[in-house]
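Read the structure below first, then the notes.
The values are calculated or read from the model by the stated rules, or taken from the named source; none is laboratory data. Please read all numbers here as calculations on a predicted model, not as lab measurements. All Cβ positions, glycine included, derive from the backbone under ideal geometry; neighbour counts span all protein chains shown.
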Amino acid sequence: MKKPIISLDSITFRYPNSVHDVLKQVSFSIHEGEWVAIVGHNGSGKSTLAKLINGLYFPENGEIHIAGIKLDNSTVWDTRKHIGMVFQNPDNQFVGTTVQDDVAFGLENHGVPYEDMVKRVIGALKQVKMDDFLNQEPHHLSGGQKQRVAIASVLALRPDIIILDEATSMLDPHGREEIISLVRQLKEVQGLTVLSITHDLEEAAKADRIIVMNDGEVFQTGTPDEIFKLGDELVKLGLDLPFPIKMANTFKEQGVPLQGQYLTEEELVIELWTSHFKK
Amino acid sequence: MMEKMIFGRYIPADSIAHRLDPRAKLLFVFIFIGIIFLANNGWAYGAAAAFTVLSIWLSGVTIRFLIKGLKPVMIIIAITFVLQIFFAREGDIIVDLGFVTIYEEGVRQAIFISTRFLLLVFMTSLLTLTTTPISITDGLESLLNPLKKIKFPAHELALMMSIALRFIPTLMDETDKVMKAQMARGSDMSSGPLKDRLKAVVPLMIPLFVNAFKRAEDLAIAMEVRGYRGGEGRTKYRLLKWHGRDTLALLSLVGLTVLLVLLRG
Amino acid sequence: MDISLQKVEYRYAAGSPFEKLAIEDVSFSVPSGQYVAIIGHTGSGKSTVLQHLNALLKPTAGSVVIGDRTVRAGRKEKELKSIRQKVGIVFQFPEQQLFEETVLKDICYGPMNFGVSEEEAKNRAEYWIEEVGLSREILNQSPFDLSGGQMRRVAIAGVLAMQPDLIVLDEPTAGLDPRGRKEMMDMFYRLHKERNLSMILVTHSMEDASVYADKIVIMHKGKKVHEGTPREIFADAEKLKQWDLSVPEVVHFQRLLEHKTGILFPVVCLTMEELVAQWKQLSGGHPL
C-alpha cells in the first residue's frame, strides 16, 4: 500500500459571515500517484475542499496533512510547494502579459535563478504543446489553450500533486477533451497525484477513485464501478450518469435483460451482440 | 478617430531605437524634456529640432506617419499657436487690423512654444512606438528600484502596471458584452438627453465593477497559490541588458545639452 | 413572428486596417414557433450571427428580416427598440448583466425601457420569477446575495419579462451542474411548447440540439455550411467531422452497434428510448 500524500481528518468548515457549515466531519486520504475525482453538485462543498487543501482557508476543526506535513499557518508555504492548482476561469489565473511570462511567474516567486528558469519555462510549455506560442498574449488564446498554459505554470514548479478545480467546466467539448487527455498523459509519465474536482461524471469515470460529496459530507467513496452502481441515487444528488450506464439502464427498463455494469460503450455493445445474436 | 491615433501605441519593428534598453529610452526622454527648456532662440530650437529628426530617423518611423497619427495633438498645438499670437502684447506691431493686433514678439513666442510642444510630443511618442508597454514597466521598475530604500513600492507599482496591461483587452471585451446585453434589454446609451445617457451608464458600470472585483479575487488566489509573497526574494524572468549603444544614446544628450547652453543668447 | 437572414455578411472594424471578415453569405430562416439550434466549433461565427438577430450588429452586406422590419446593409435604421423588444437574447453567463439593488428592479429594467408602466412591470416580475422556478420572496433581495444558479434564473426572468416573440439562447447552461442543466433546458422547452415561442439555441451540446430543435443550422469558418432536421444532420457523422463536430452519444452508440452486429437500423435514433425500441424490433426477428 502506498502512503497517503493528502489526508483530511474530520474537517469542519464554515465561511466567515455564514451560519452554515460548508463541510461537516469530512475525512479521506489520497495516495501518491492516485487520480481521485471529487464529484458533487454546485454548492456541495467540493470546491471549498480544494481551498482548504491549499491553505487558502483553515478548517474550524480537524487536521489536514500534505506530504506528511501538518497544514497550519506556519507550514502553509511549505505544503503549497507540493501542490499545483488549475482553476475554473481560464482568464482569471493568467497573470503574465505573454504565455512565457505567465509560466515564469511562479518560478520568479520561488527565486529560481534565470538560466534554470528559462529551461523550466520552455520545458513545461513543451509538455503541454504550447511552445509555439511563447510570446502570444492571453486574449489571442482559446480557453483550452489558456488552461494548457495554466497546467504548464503548475508543471514548471514541479509539484507532486495537481488539483483541477473544475478546470474544464468553462471549456467547449473540444477543450475539455484536450485538457483531460493531457492531464492523464502527464500523470502516467510523471507519476503525479491528480485530484480533480468536477461535476462531469464522464471525466470522473476515468479516475482511479471517486469521492461523492453531498451537502458538505462525504456521501460515498469508491472506484468508478462501485460509484456508478449507485445509479439513481447519484441522479438524486444532482449528478448525471455516464452514457453507457444510462443506455444500459434504458435497455433494462424496456425489458431487455442485461447482466452487469458497463463503463464503456464497447462493453455494452458486445454484451448486446453476444446475448441476443450468438446463442 | 481613436483607431487611427498612435499616441501610446507600440509598433513592432527592429530599429536601433527598438533595440535600446527601455531604461535608456526612459532616461533619454526625461532628460530631453528637461533640457529642451534651455533653448531660448531660433538657433537652439533649430538644433533641438535637428536632434529630434535624427532620433525619428533612427526609430524607423516616418515624420508623415507621426503627424498623421498625432492629428488630435496637432490641432491642440495649432490652437495654442493662434492664441499665443493674439494674446502676446510685446515688441513691434507687425499687423494692425483694428480689431486685432499682432506683435512681433507674439509670433516669436508662438513659434517657440509650439516647436517645443511638438518636439516633446514627438519624443514621447517615439518612446511608446518603439517600446512595448511591458518593457516600459520593466524599465520603470528597474529605475525606481533604488527608491525602495525609502520604502517606495517599486515592485508593487510595476506589478500593478503589468496586470493592468494584461487585463485591458479582457475588460474591453467584457465592456462590449455587458453593453450589448443591456442594449438587448432596451437600454439606449447613444441617444436622448445627456441626463438619460448618464443614467444608462449605471447598468454598464455596476456589472463591470462586480466582475472586476471577482476577477481580482480569483487572480489574488491564483497568485498566492503560485507562491507570490511580495517582491522579497523574487528573481526576474524579463532581464534588462545595458549595451554600449545605450550609453551612446545618453552621451548624445550630453552633447545636445552643451550645444544648447552654448547657443543660448 | 418570422425572422430571416438573407446573404448576411459582417466585417468587424470595416474600412480600417484592422478589418476582419466574421461571417459571409449566411442565409436561413426561423418561422414563427420553431425551435432552431445553431451549432459550430468555437470561432465559427455563431455569436456574430446571434447579434444580428436583434440589430446589435448591422450587416455590412445583405439583410435581416425581423417580423415586419428589415435591417439592411448600408441603411440607417431608426428606432431599433421595437426590434429589440421582440427578440430577447439570453447571453452566455447572463448573471453578469445584473446590476440593480433588488431582483424586482432588475427584472423590471427591460420592460420599463420598452415603455411598460411600473405597475405592469412589477406584475410581470412577480409572474416570471415563478416561471423560472424561484419564489416571490426573492424579489426583494439583492441579486448579488443569490447563488450563481439563482442569479442566472433572475437574469433570464428579466429577459422573459420583456415578453419577446423570439428568445435567443447563447449557451444557457454553461457552468451549471447536470441537474441545473436539465432543469434549464426543460424550462425553455416548456415555454416554447406552451406559448408557441420561437427559440434559437446556440450550443456546443449535440445532445441538446438533437433533442430540442426542429431544425439545426451548422456554422463553420463564418459560413453556413449545412441546415436540416436533427435526423438529417446527425445521419452523417463523417460529414460533421470535417466541421469539427460530432454526433450525439446515442447516435454514436447506434453506429457502433450497427458496425458490430452488421444490422442497419432503418432510422437514426435521437433518444435512448427510440434506440431500445428499434433494437427490440430488429433483434426480435432473430431466435434468441
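Considering only residues in the range A:269-279 that are in contact with a Phe, Trp or Tyr (Cβ under 8 Å, 6 or more places away or on another chain) and facing chain C (nearest Cβ under 8 Å), the one that is nearest to residue A:223 (Cα to Cα) turns out to be A:269. A count restricted to the range B:88-124 and to residues that are under 30 Å from the mean Cα position of the chain (by Cα) and in a loop (DSSP other than H, G, I, E, B) stands at 1.
Per-residue answers, yes or no, for (1) surrounded by fewer than 19 Cβ atoms within 10 Å (Cβ to Cβ); (2) farther than 16 Å from residue C:275 by Cα:
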| residue | (1), (2) |
| --- | --- |
| A:231 | yes, yes |
| A:237 | no, yes |
| A:243 | no, no |
| A:246 | yes, no |
| A:255 | yes, no |
| A:260 | yes, yes |
| A:268 | no, no |
| A:272 | no, no |
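Inside the range C:48-78, can you point out the residues that are more than 15 Å from residue B:183 (Cβ to Cβ) and either among the hydroxyl-bearing types (Ser, Thr, Tyr) or assigned to a helix (DSSP H, G or I) (or both)? Once the filter is applied, which keeps residues that are more than 15 Å from residue B:183 (Cβ to Cβ) and either among the hydroxyl-bearing types (Ser, Thr, Tyr) or assigned to a helix (DSSP H, G or I) (or both), the range C:48-78 yields C:48, C:49, C:60, C:63, C:70. Which is among the polar types (S, T, N, Q) and closer than 30 Å to residue B:38 by Cβ, of B:114, B:162? Just one listed residue meets the conditions, B:114.
Yes/no matrix, rows are residues, columns are (1) assigned by TED's automatic domain parsing to the domain that holds residue C:89; (2) under 25 Å from the mean Cα position of the chain (by Cα); (3) closer than 22 Å to residue C:91 by Cβ:
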residue: C:116; (1), (2), (3): yes, no, yes
residue: C:120; (1), (2), (3): yes, no, no
residue: C:127; (1), (2), (3): yes, yes, no
residue: C:132; (1), (2), (3): yes, yes, yes
residue: C:140; (1), (2), (3): yes, no, no
residue: C:144; (1), (2), (3): yes, no, yes
residue: C:147; (1), (2), (3): yes, yes, yes
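The set of residues from the range A:88-119 being more than 20 Å from residue B:169 (Cβ to Cβ), facing chain B (nearest Cβ under 7 Å) and part of a loop (DSSP other than H, G, I, E, B) comprises A:110, A:111, A:112, A:113. Among residues of the range B:14-28 being assigned to a loop (DSSP other than H, G, I, E, B) and not acidic (Asp, Glu), the one that is modelled with the highest pLDDT is B:20. Residues that are without any contact (Cβ under 8 Å) to a residue 24 or more places away in the chain, surrounded by fewer than 18 Cβ atoms within 10 Å (Cβ to Cβ) and assigned to a helix (DSSP H, G or I) do not occur anywhere in the range B:129-142.
Scanning the range A:254-267 for residues that are facing another protein chain (nearest Cβ under 8 Å) and assigned to a helix (DSSP H, G or I) yields A:265, A:266. Considering the range C:93-134, the residues that are within 30 Å of residue A:89 (Cβ to Cβ) and among the small types (Gly, Ala, Ser) include one that is surrounded by the most Cβ atoms within 10 Å (Cβ to Cβ), namely C:110. The residue list C:32, C:4, C:47 contains one member that is touching a Phe, Trp or Tyr at 6+ places or on another chain (Cβ under 8 Å), touching a residue at least 12 places away in the same chain (Cβ under 8 Å) and closer than 24 Å to residue C:214 by Cα, which is C:4. Screening the candidates B:11, B:6, B:36, B:31 for the property of being farther than 26 Å from residue B:113 by Cα, surrounded by 15 or more Cβ atoms within 10 Å (Cβ to Cβ) and either modelled with pLDDT of 90 or more or not hydroxyl-bearing (Ser, Thr, Tyr) (or both) yields one hit, B:11. Please work out if residue B:64 is among the basic types (Lys, Arg), modelled with pLDDT under 90, touching a Ser or Thr at 6+ places or on another chain (Cβ under 9 Å) and exposed (fewer than 14 other Cβ atoms within 10 Å of the Cβ). It is false that residue B:64 is among the basic types (Lys, Arg), modelled with pLDDT under 90, touching a Ser or Thr at 6+ places or on another chain (Cβ under 9 Å) and exposed (fewer than 14 other Cβ atoms within 10 Å of the Cβ).
Of the residues C:45, C:40, C:74, the single one that is more than 14 Å from chain B (Cβ to nearest Cβ), surrounded by fewer than 20 Cβ atoms within 10 Å (Cβ to Cβ) and small (Gly, Ala, Ser) is C:74. Is the range B:194-208 home to any residue that is over 30 Å from residue A:159 (Cβ atoms), touching a residue at least 12 places away in the same chain (Cβ under 8 Å), crowded, with 17+ Cβ neighbours inside 10 Å and of a type in the set (Val, Ile, Thr)? No, the range B:194-208 contains no residue that is over 30 Å from residue A:159 (Cβ atoms), touching a residue at least 12 places away in the same chain (Cβ under 8 Å), crowded, with 17+ Cβ neighbours inside 10 Å and of a type in the set (Val, Ile, Thr).
When the range B:218-252 is limited to residues that are in contact with a Phe, Trp or Tyr (Cβ under 8 Å, 6 or more places away or on another chain) and under 14 Å from residue B:23 (Cβ atoms), the one that is surrounded by the most Cβ atoms within 10 Å (Cβ to Cβ) turns out to be B:249. Between C:120, C:101, C:130, the distinction of being touching a Ser or Thr at 6+ places or on another chain (Cβ under 8 Å) and more than 18 Å from residue B:177 (Cβ to Cβ) belongs to C:101 only. Here residue A:147 fulfils each of the conditions (1) free of Cβ contacts under 8 Å to residues at least 60 places away in the same chain; (2) within 13 Å of chain B (Cβ to nearest Cβ) apart from (1). In this structure, residue A:168 does not qualify as under 24 Å from residue B:238 (Cα atoms), of a type in the set (Ser, Thr, Tyr) and not in a helix (DSSP H, G or I).
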